[in-house]
1. Here are some conditions: (1) touching a strand residue (DSSP E or B) at 6+ places or on another chain (Cβ under 7 Å); (2) buried (at least 18 other Cβ atoms within 10 Å of the Cβ); (3) not polar (S, T, N, Q). Asp226 meets all but one. Which one does it not meet?
2. Do you know which of the residues in region 173-199 that are over 26 Å from Arg144 (Cβ atoms) and without any contact (Cβ under 8 Å) to a residue 60 or more places away in the chain is surrounded by the fewest Cβ atoms within 10 Å (Cβ to Cβ)?
3. In the set Asp111, Asp148, Asp127, which member is modelled with pLDDT of 95 or more, under 30 Å from Arg36 (Cα atoms) and either in contact with a strand residue (DSSP E or B) (Cβ under 8 Å, 6 or more places away or on another chain) or not in a strand (DSSP E or B) (or both)?
4. Here are Gly207, Gly295: which of them is assigned to a helix (DSSP H, G or I), crowded, with 21+ Cβ neighbours inside 10 Å and of a type in the set (Gly, Ala, Ser)?
5. Go over the candidates Leu165, Leu174 one by one and state the one that is part of a helix (DSSP H, G or I) and of a type in the set (A, V, I, L, M).
6. β-branched (Val, Ile, Thr) and buried (at least 23 other Cβ atoms within 10 Å of the Cβ): which single residue out of Val142, Val170, Val117, Val152 fits that description?
7. Does Ala219 satisfy the condition of being out of contact with any strand residue (DSSP E or B) (no Cβ under 8 Å at 6 or more places or on another chain), buried (at least 23 other Cβ atoms within 10 Å of the Cβ), of a type outside the set (D, E, K, R) and closer than 30 Å to Arg36 by Cα?
Amino acid sequence: MTSPSYTPDRPLRLGTRGSPLALAQARMTAEALCARHGWDADAIATVVVQTSGDRIQDRALAEIGGKALWTKELDRALIEGQIDFAVHSMKDVETIRPAEITIAAMLPRADVRDRLVGAESFDALPDNPVVGSSSPRRAAQVKRLRPDARVVLFRGNVATRLAKLAAGEVHATLLAAAGLDRLGQPDVGACIPLDVMLPAPSQGAVGIETLSGNAEMRALLAGINDVDTFDCVTAERAVLKGLGGTCHSPIAALGRLEDGGIRLAAEILSPDGRERVEDVRIISRGDSAAAEALGRSLLERASAELRALFEA
């Protein structure tokens, strides 16, 4: 693919949150763009945008606005022309995006698994363990595996959560392997097998958004798009769309390439982990309708109580 011509009269402005992980992912994106298009490092300027999710740390996201807390300020900066593109952890991006904004690229996906930090396995936890997490999915999966567990709210960046664990606030916590790897902490925690804990939709993927009408920026970003990651993550996001899922809803999904298609696994759970509805289908790449249908089929098989979580 030939790189679009670009003669900068100013650096391109990359918008990002200010957490260490977000900055690491922004740096990865800038380096990929510069390598792909032959630019010097000063062709891209990083613009840190503080989000509501960063400011509010004492409540669960579901109580205060959901995933939009990670994106709305960056969306506003894009639409108002303060930045040219924005970098996100894809699992933090709402399923339905503003029409003015498009997901233009995704970097190659990292490890999709969760890591259990504080114990070698769920079986190794003490009786009645206290586990820290702000994720409804992780909380439900923990309770399914360890019905005696108590899950307490654990917000903050990776360093903050590890410090709370070290201070003895909980017996264990769960963190994304991808985030730990990107922060240079590959040896922290024990990876949980995928057949034990299915990850959040889009976990391990970094996405880059720009204005839908900015054809030049879209073309530049297309040069670093990893198509395999894009197709699998798009399928997982379509499952979310079929479910109508929100931050209130314990949902897991993972798409992996298999025999030219995508092996798409998904599950929904009750908050206490006692009910789980799961399915696996092979769908064609780009067939978002089939992925949405998978999400709807999970709801059709769920109890009225579990379905109610997705109707709120």
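The values are calculated or read from the model by the stated rules, or taken from the named source; none is laboratory data. Note that the structure is predicted; figures quoted are calculated from it, not measured. Virtual Cβ from ideal backbone geometry, glycine too; neighbours counted across all protein chains shown.
1. (2)
2. Step by step, filter region 173-199, then rank; the result is Asp187.
3. Asp111
4. Only one candidate passes the filter, namely Gly295.
5. Step by step, each of Leu165, Leu174 is checked, and only Leu165 is part of a helix (DSSP H, G or I) and of a type in the set (A, V, I, L, M).
6. Residue meeting the stated conditions: Val142.
7. no
Rundown of residues vs (1) of a type outside the set (Ser, Thr, Tyr); (2) at pLDDT 90 or above, yes/no style:
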{"residue": "Glu31", "(1), (2)": "yes, yes"}
{"residue": "Thr51", "(1), (2)": "no, no"}
{"residue": "Leu61", "(1), (2)": "yes, no"}
{"residue": "Leu74", "(1), (2)": "yes, yes"}
{"residue": "Glu80", "(1), (2)": "yes, yes"}
{"residue": "Asp84", "(1), (2)": "yes, yes"}
{"residue": "His88", "(1), (2)": "yes, yes"}
{"residue": "Val93", "(1), (2)": "yes, yes"}
{"residue": "Ala99", "(1), (2)": "yes, yes"}
